[in-house]
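The numbers here are math on the coordinates, done by the rules we state, and not lab data. The model shown is predicted, which means the values in this text are computed figures rather than measured ones.
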Amino acid sequence: MNSQTKFLISMLFIVVILLCVVLTRFYFDVTKNTESSVRENRVDSVSRKFGELQAFRSVNGSYGLLDADQSVLIEPEWLEILDVTDNLVLVSGKLENQVLIGGIDYEENVILPFVFRSMETLPNGWHLAEISDDGRYIVYNRKYQPVFRESFTSVSYEDNILTLGNETESLDYDTAEQPPLLRRAEFSCPVAETLTLNWKIANQFYLSELTASDLRRINQIVPAYMEMLTENNFRNLGEVTSSEYFSTLVKNSRLQELEFDSIGDFAFSRRESGAYDFTFRMISHPSSAPEEKIQIHLYFRKNAENQMILTASELGSAAEE
């Protein structure tokens, strides 16, 4: 055996020894980490029961969920287990340096986004979720499905009446009925430059026919059309009606010549034609001329797409009404 062969054998021997050392260290590290993980996931105490399922606190202080056989169903990775349904586990966790609430399924996939600051259960069993970013609220049913498509700035509940508020509206729903029935709707909208029209509907006949979306659409159309009247500019008429009703809408009026300082006397009714008559009065008190009252009728109905549109309008002296 020459010297070169001896050198190669020696180097191979050294490589084998180093490889054995590395593998040994890897084995012990994995074993140590596995033992540590098992130890940290060990149940320290049961914090809450959800039927046969149990929320538990692990020795590392995090929370998970046990099944009926006391096996870990949800790993203890959460700050708290808040609620459990057939397909969702409501948990809180720390994300981006803030505590947020969301929902995961039993395979630990996120099915309710982690965007909520708080989650309160209402007396009827629904859930009130406060969004962390803007402080608005979403109402969920018992299965954490949205009851309403909109979010709200305020929510209150008393005697089965759920009151939902936004910047321009307040809605009362009777939750004793399923689906919940709209019992009262209040809205406000700007009319002219400095006036605000506050209007309310509590008539159950009209509220049985109209949804909150219908009323919200009316509340958007009224200021848009009144702005067209006062500015005598109807380029955006298509946003509030359809072309077949252009001729039935007032397009020229002397409203642009008057400065109104009060508004009120709202009324809402349904005509034999099926149109809804939205009526209010605007009053001008000029210093050098007699007081002038203008009665405004705006007629609404739903189109083929079930969208509320403006179909006619009338302006007249209030004294003539």
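Observations, loosely collected:
- Debye log10 I(q)/I(0) at q = 0.14, 0.15, 0.17 Å⁻¹ for the range 101-257, Cα point scatterers: -0.83, -0.90, -1.03
- Other-chain or far-sequence residues with amide H under 5 Å of residue 59's (modelled H): 42, 44
- With Cα atoms defining each centre, the range 119-185 and the range 241-302 are spaced 34 Å apart in the structure.
- Principal semi-axes in Å for the range 197-313 [√(5λ), Cα gyration tensor, largest first]: 25, 18, 11
- Across the range 241-290, the relative contact order, built from alpha-carbon pairs under 8 Å that are at least six residues apart, equals 33 percent.
- Axis angle, to the nearest 10 degrees, between helix 3-40 and the longest C-alpha principal axis of the chain: 50 degrees.
- One entry in (1) 23, 34, 22, 13, 6, 2, 0; (2) 30, 57, 12, 0; (3) 32, 59, 9 is P(r) over Cα pairs in 20 Å bins from 0, in percent calculated from the shown coordinates; its label is (1).
- The angle between the Cα long axis of helix 212-231 and the main principal axis of the chain comes to about 50°, on a 0 to 90 degree scale.
- Here the relative contact order of the chain, from alpha carbon pairs under 8 Å that lie six or more residues apart, stands at 6 percent.
- Backbone phi angles across the range 254-271, fed through the Karplus curve with coefficients 6.51, -1.76 and 1.60 (θ = phi - 60°), yield HN-Hα couplings of 8, 4, 5, 8, 10, 10, 8, 10, 8, 8, x, 6, 6, 8, 9, 8, 10, 8 Hz in residue order; Gly and Pro are listed as x.
- In Å, descending, principal axis extents of the Cα set of the range 41-151: 42, 31, 24
- 3J(HN,Hα) along the range 55-60: 7, 10, 9, 8, 5, 8 Hz, from the Karplus curve 6.51 cos²θ - 1.76 cosθ + 1.60 with θ = phi - 60°, whole Hz, x for Gly and Pro.
- Karplus-derived 3J(HN,Hα), 6.51/-1.76/1.60, for each residue of the range 245-252, Hz, glycine and proline x: 10, 4, 6, 9, 9, 5, 10, 10
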